[in-house]
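Comments concern the structure below.
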Amino acid sequence: MTSSRPAPHGGGSRASSPGRAVAAVARRLGVAPATLRTWDRRYGLGPSARTAGSHRRYTPEDVARLLVMRRLTLEGVAPVDAAKAALDAGVEELEEATEQAASSASGEADQDVPEGEDERPAAPAGEEAPRPGRAHLRALPGGGERSMAASSHVPGGSASGRVSAVVDAALAYDQQACDEILAIPAQGDPAVWWTEIAEPAWQRVAQRTVLAGPGAVPEVVLATAALRALRDFTEAFERAMVAGGAPPANHPSRMRKIVLIFAAPDEVVPLSAHALAAALTAKGATARIVTGPASTHRSLELVTMVRPAALVLATSQRRPDLDLVHAVHEGFAELPIIVSLRRDDAASELPLAPTVQRVRSFTAMLHEALAVVT
């Protein structure tokens, strides 16, 4: 269901809620103020409120539509199509966009600015405007200065502080700092690590547009650190289990109730699948991730060989290809299948069967898998 965008309000009707200035909204979206003005001029995605002094302000609904626009353009949708989708978005989609943005912000302040500040010079194309009170990292050839947040990292610091530190380290191409910040302690919980630190950092880095030199990719820095953290934690956990008398990971007794985890096709770096496998391991379950190209035929062969207790499709894509789910369900009707889908409209494409379970969050995905194998 869609809702039409309301007409701009007059100054008097919004006096008690002036909204946000362009600079504050630009900071929240991670774009230059000039970009917002372009979206206003070309597509009508501008502020709809006015203050008593006739200054235009963005209402919460205006910001939500811009969040939809920003998300779609980052996913490769043409700006004109993304703008149309943002203007046509219904209440539920706008609320979802706002919730996702709040989650990825991880406690970062989003304060308004005084009058006139939104007229400061725009950041160069592809570079985010500096944040007040925080060193600005320029993602240019040669890296950039290492942020104080990364260099002063304390492993036991707050989750929001660690998120900011790892984002800064990734943008500075500081692999060592990323590795140190994302390391999971021996008594840590990979599920909490993923939902509170790694995933918010991954989302924030993915939203940044940067100017980088050859071989300098912030996402690769962060993904390398995250995968290393999960691998090191799992290996240490398994060594401790075996030292305590448990059978090794590939022992037949532990393979009888294995969870087989697939990433969606075209998922470049399936971090959530690896995080789920580590979280299941920490709970005493056994999980394996299917990596590399896997056609539907090959996937069915893997299910036939492994005979998993459950199959999970872990993805961060908005509308993933669900051919695998349909094929496995047709071939193994009794096999529990858990699919991570945050969007309700994508869930309508799942098979209607009691063995196919749709979940909206990583935590729910973990709990459903554990319910099958423990």
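Mind giving me the FRET efficiency for T296 and V91? R0 is 35 Å, r the Cβ-Cβ distance, nearest 0.05 is fine.
The pair T296/V91 has a calculated efficiency of 0.45.
In nm, to one decimal, how far is the A159 label point from the A240 one, both placed 7 Å along Cα→Cβ?
For A159 paired with A240, the spin-label model returns 2.1 nm.
Using the Cα centre as the reference, give the magnitude of the dipole from point charges on the C-beta atoms of segment 246-374 (Lys, Arg: +1; Asp, Glu: -1; all else neutral), rounded to the nearest 20 debye.
Dipole of segment 246-374, to the nearest 20 debye: 520 debye.
Over segment 269-374, what is the mean sequence separation of C-alpha contacts under 8 Å (at least six apart), divided by residue count, expressed as relative contact order in percent?
Here the relative contact order equals 28 percent.
May I ask for the net charge around V192, where only other residues with Cβ less than 13 Å from the Cβ of V192 are counted and Lys, Arg are +1 while Asp, Glu are -1?
That sum, taken over residues with Cβ under 13 Å, equals -1.
I need the phi-derived Karplus couplings for segment 187-202: 6.51 cos²θ - 1.76 cosθ + 1.60, θ = phi - 60°, integer Hz, Gly and Pro marked x.
Whole-Hz 3J(HN,Hα) from phi for segment 187-202: 9, x, 10, x, 5, 5, 4, 5, 6, 9, 10, 5, 5, x, 5, 4.
Identify, among L322, T286, V303, the residue whose Cα sits farthest towards the positive end of the charge dipole of segment 272-355, taking +1 on the Cβ of Lys and Arg and -1 on the Cβ of Asp and Glu, with the dipole about the Cα centre.
T286
Hey, what do the phi angles of segment 253-264 turn into as Karplus ³J(HN,Hα) couplings, whole Hz, using 6.51/-1.76/1.60 and θ = phi - 60°, x for Gly and Pro?
5, 8, 8, 5, 10, 9, 9, 9, 10, 10, 9, 5
Using alpha carbon coordinates only, what is the Rg to Rh ratio of segment 147-256, with Rh defined as the Kirkwood radius?
That ratio equals 1.07.
What Rg and what Dmax come out for segment 236-374 when only alpha-carbon atoms are used, in angstroms?
When restricted to the Cα atoms of segment 236-374, Rg and Dmax are 14.7, 47 Å.
List every residue whose amide H lies under 5 Å from the amide H of T315, counting only residues 5 or more places away in sequence or on a different chain, with H placed 1.01 Å from N in the peptide plane.
Close amide H contacts, sequence-distant or interchain: S340.
Multiplying the sequence separation of M255 and H367 by 0.36 nm and subtracting their Cα-Cα distance, what value in nm do you get?
So the extension gain works out to 38.4 nm.
Can you compute the modelled spin-label distance between Q100 and A34, with each label point 7 Å from Cα toward Cβ, in nm?
2.8 nm
HN-Hα J couplings of segment 270-286 from phi, Karplus 6.51/-1.76/1.60, θ = phi - 60°, integer Hz, Gly and Pro as x?
x, 4, 5, 5, 5, 5, 5, 4, 5, 5, 5, 4, 5, 9, x, 8, 10
Since every read-out is calculated from the coordinates, none of them should be taken as a lab result. This is a predicted model, so every value here is computed, not measured. In this analysis, Cβ positions are derived from the backbone assuming ideal geometry, glycine residues included, and neighbour counts consider all displayed protein chains.
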